[in-house]
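The values are calculated or read from the model by the stated rules, or taken from the named source; none is laboratory data. Since this is a predicted model, take the numbers as computed values, not measurements. Note that each Cβ is placed from the backbone with ideal geometry, even for glycine, and that neighbours are counted across all protein chains shown. SASA here: full protein model, heavy atoms, side chains in, ligands and nucleic acids out. Shrake-Rupley method; radii C 1.70, N 1.55, O 1.52, S 1.80 Å.
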Amino acid sequence: MITHKPGSWDFHGGIHRPDKKSVSAGKFLGKVPLPEILVLPLQQHIGAMAEAIVEVGERVLKGQTIARVSEYIGAPIHAPTSGTVVCIEERPVPHPSGLSAPCIVLQTDGKDEWGELPEPLPYFDDMDPSLLRERIRWAGIVGLGGAAFPTSVKVNHGPDRPIQTLVINGAECEPYITCDDLLMREQADRVVEGIKVLLYVVDADECLIGIEDNKPEAIAAMREAVAESGLKDVQVVQVPTRYPMGGEKQLIKVLTGKEVPSHGIPSEIGVICVNVATAAAVTDAVMAGRPLLSRLVTVTGEGVNNPGNLEVPFGVFMSDVIAQAGGYSERAYKLILGGPMMGFSLGDDELPVTKGSNCLLVASRAEAPDPDKAMPCIRCGKCMDACPAQLLPQQLYWYAKARDFDKTQEYNLFDCIECGCCSWVCPSHIPLVQYYRFAKTETWAMEKEKRQAEDARRRHEARVERLERLERERKARLRQKKEALEKKTAAGGANPRKAAVEAAMKRVAEKKARQAQAEKNTEESS
Amino acid sequence: MKFPVHTSPYGGLPNNVTRVMGEVLLALVPGIIALVYYFGWGVLINIVIAVITALAAEAGILRLRKRPVKPSLTDLSATVTAVLLAIALPPLLPWWMTILGVLFAIVMVKHLYGGLGYNPFNPAMAAYVLLLVSFPVAMTQWLPPQMLNEHPLTFTQTLAAIFGGGLPHDLTWDAITSATPLDAMREQLKMNKTISEIAQNPMWGDFGARGWEWVGNWFLLGGLFLLWRRIITWHIPFAMIAGLLLSSGLFWLFDAESMPFPGFHLFSGGMILGAFFIATDPVTASTTPKGRLIYGFLIGVTVFIIRSWGGYPDAVAFAVLLMNMAAPTIDYYTQPRVFGFRGKDNA
């Protein structure tokens, strides 16, 4: 058997496109000053929406929990600075739909006064891991790579799923984005400290840190930090630069050779994958008792004057962040949240930065031209060659377009990770991913409808059955009574009532007969 | 500030249909030059007639279908169809037959099925077969290659022959045309000649028919260019050639005197052109990797069967059309293993 080195496996497909990292790489532009108003959406993560636990007019302190979650999958939200709650209402949020969602609006007081924080846990390795999970949950930490899945849920893999490998994702495969790169270059110790905590929490045998080879500075810094930490079984692995290397499933495959099962999660194969910035946030929560209040955001593209990375408290408007990066240049044409492959364009910049906002790409017309009119699919199969999920995008497209959602499921629609490789390579410029999103949404809607219809049918059937049962029971009771009665009669006319009635009837009849006889006699004698 | 919104991915996409079709045309150039060199101006005149007809037909039918004309004309797909058909036609074919073929390809085979991307059959091959079964004599009157041609026609004489059917007065059709090597091989095998007797004929060259073998080589060069440019993948050409060589090789090993050498099959007729340019037409071919191998292999085997025992020697066109019909089924049964599903490389 050939023994593989970590990182020597491969994933199918993927694309190469100019990484444009140099526009912002290694540039730190400082912390964005606190504006007067912060808008904090209650839904900044995957899972249940947080519920506000502050009231309008209430003064809050920095780090204070202002919204909590009662569901398992969710994350609380903290005040990024001290101030007063102005209102809790629907505000526009950064979402592809462009819709509004409930937000806590905070008027900052400029004092940046810390509230009471839980104690730091420097000797975490004496503690029960569940307490550390509780701390991570309290801190409101979610995946900072962009997906924003609650980290406390991720590291709670359960006793029946032992973890062999903790994968730390420093691939940062989307073009333009450099915030993880900067973090690894400048705060490698903080990342490694978080890895230490996570290794303890998930009790993994080893840790593999995957970084694309277009980030040599980050690789060197991380290697140094790992060496200094004295951690055994932690290895920085240089992986090739190929999008979507940083996709969770892809990176796990490349580092460990294991494939996350379809419809499954990594812990099923003994792997947990956490982004580098998330690891750093874990450090803050455990070592300093500080919740997640801000993040590094890359502001880049030809549309900004001074591209770079900024430390941005949550709730700051994107317009303020961009102003801090030198403001818009004349070439600013599109505002994209996230990278150019999986991000989405925003119609407006008066939207708050949230936990998942890793990059603000202000693209010029050349960087993000308006889409061409799509040509017909010529079935060239380029999409298939590029698909990291090894799907047949040409068939999925065909069936999605025909609204044949049984077929799209048969062709494993839900294994699509929406990475955009197929759309990128398509010579006919068909927005393929858009078709798959559409098919997924329709399928969900249909399944919901089906479930509801199923429930209604079941309720109806239960009702009909109940009514029938009642009717049957009523009839049975009647029949029983009747039978019992007949039995009694058959058993010798032992029914006094009936006998009495019969006797009375007889008497009446006799009386009538007598009367008739008497009348007759009278008539005859007259 | 307000911004326009559209969906990801963002950025100028690296590929487009015009580039794909344009590179296919570019890859055809060496083979076309070789054809003109060996078989005269007629090849070029056929191409010009076919392309003009194709563009006019495409524009006309798009207008009838109330579809935008310009994007479909500039995608060059009609041009590729026209050129592929034209280079498969005999160099002195009457002009109206070429036009008829192209009209059939564009109007019936392509647009009546829904236009680019929707046609189940390869338009050029369907048109070729239509002409072949309708005009069998004209379609088999090829010119001998240049080194065997005692009466090469000038450009104007070729024009006159194509458009007026007239030949210079000292020549007859029988004198200037000859059967294709495939046809000749068939006829002579039918007369119970052995391969070694047949090979005495000067029409045979180093590894195939003289002239033809070099045309095949130049098309091969174009095919390799398409592979390098990743316009096509190796699967279909490789499997098709393998299917042909394996089946013809097997029979040749048993009976070398009545079964032609596999190299003859490979370098005669439209085999190389078919393997790299025609069977690889993405619209009508199988699209899964395994499916492409099966599809190509079956075309190769079918070419051999038709050439050896079929009614027409022009097997590539028939084999491609037959497998066009099988492609959707092949695709259905050869879906690749999806990431995260158990398979042999994910134990």
Worksheet item: With Cβ to Cβ distances under 11 Å as the rule, what net charge do the other residues near A:TYR333 carry (K, R +1; D, E -1)?
Response: -1
Worksheet item: In whole Å, how far is the Cα centre of the range A:25-43 from that of the range A:159-227?
Response: 24 Å
Discussion item. Students often forget the sequence filter, so: which aspartates and glutamates lie under 14 Å Cα-Cα from A:LYS373 once same-chain residues fewer than 8 apart are removed?
Written reply: B:ASP75
Worksheet item: Where in the range B:150-209 are there GluC sites (Glu not before Pro) that are in a DSSP coil and have at most 13 other Cβ atoms within 10 angstrom of their Cβ?
Response: B:GLU150
Response to the item:
Taking Rh as the Kirkwood radius computed over alpha-carbon pairs of chain B and applying Stokes-Einstein at 37 °C with viscosity 0.692 mPa s, one gets a diffusion coefficient in µm² s⁻¹ of 154 µm²/s
Practice prompt. Take every Cα pair under 8 Å in chain A that's 6+ residues apart, average their separations, divide by the length, and report that relative contact order as a whole percent.
Written response: 16 percent
Discussion item. How big is the dipole moment of the range B:16-179 about its Cα centre under a simple scheme where the beta carbon of each Lys and Arg is +1, that of each Asp and Glu is -1, and everything else is neutral? Debye, nearest 20, please.
Written reply: 860 debye
Discussion item. Suppose each label sits 7 Å from its Cα in the direction of the beta carbon; what would the B:ALA199-B:THR7 distance come out to in nanometres?
Written reply: 6.1 nm
Discussion item. With only alpha-carbon pairs counted, each pair once and no self-pairs, how large is the Kirkwood hydrodynamic radius of the range B:16-179 in angstroms?
Written reply: 16.4 Å
Worksheet item: Any idea what the relative contact order of chain B is, in percent, if you count C-alpha pairs under 8 Å spaced at least 6 apart?
Response: 18 percent
Fill in: Relative contact order %, the range A:291-406, counting alpha carbon pairs below 8 Å whose residues are six or more apart
25 percent
Item to complete: Extending each Cα 7 Å along its Cβ direction at B:THR154 and A:ALA509, get the distance between those two points in nm, one decimal.
Response: 13.8 nm
Worksheet, complete the sentence: Rounded to one decimal in nm, the spacing of the 7 Å Cα→Cβ label points at A:GLU486 and B:TYR333 is 6.7 nm
Worksheet item: Which pairs break 24 Å Cα to Cα here: A:LYS20/A:LYS334; A:LYS27/A:LYS196; A:LYS215/B:LYS2; A:LYS154/A:LYS407; A:LYS253/A:LYS355; A:LYS5/A:LYS249?
Response: A:LYS27/A:LYS196; A:LYS215/B:LYS2; A:LYS154/A:LYS407; A:LYS253/A:LYS355
Practice prompt. Please work out the average accessible area per residue across chain A, using the 1.4 Å probe convention, and give it in Å².
Written response: 47 Å²
Worksheet item: In whole Hz, what ³J(HN,Hα) sequence does the range A:425-441 give by Karplus (6.51, -1.76, 1.60; θ = phi - 60°), x for Gly and Pro?
Response: 8, 5, x, 8, 6, 7, x, 4, 4, 4, 4, 6, 4, 4, 5, 5, 4
Fill in: Förster-model FRET efficiency, 22 Å R0, A:GLN107 and A:LYS31, C-beta, rounded to 0.05
0.65
Practice prompt. Would you mind checking which residues have amide H under 5 Å from A:GLY247's amide H? H placed 1.01 Å from N; only 5 or more apart, or other chain.
Written response: none
Worksheet, complete the sentence: Non-local residues with an amide H under 5 Å from the amide H of A:ILE104, with H modelled 1.01 Å from N and Pro and chain starts lacking one, are A:LEU40, A:LEU42
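With runs of 4+ DSSP H residues as the only contributors, calculate the mean residue ellipticity of chain A at 222 nm using -39,500 (n - 2.57) per run, divided by the residue total and rounded to the nearest 500. Numbers along the way, then the final one.
Working: 14 runs with 189 residues, N = 526.
So the helix-based figure for chain A works out to -11500 deg cm²/dmol.
What does the C-alpha gyration tensor say about the overall shape of the range A:149-269? Classify as rounded when a/c is under 1.5, otherwise prolate if a/b is larger than b/c, or oblate.
Cα axes put the range A:149-269 in the oblate bin.
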Item to complete: For the protein assembly as shown, just say rounded, prolate or oblate: build the C-alpha gyration tensor, square-root its eigenvalues into a ≥ b ≥ c, call rounded for a/c under 1.5, and beyond that prolate if a/b exceeds b/c, oblate if not.
Response: oblate
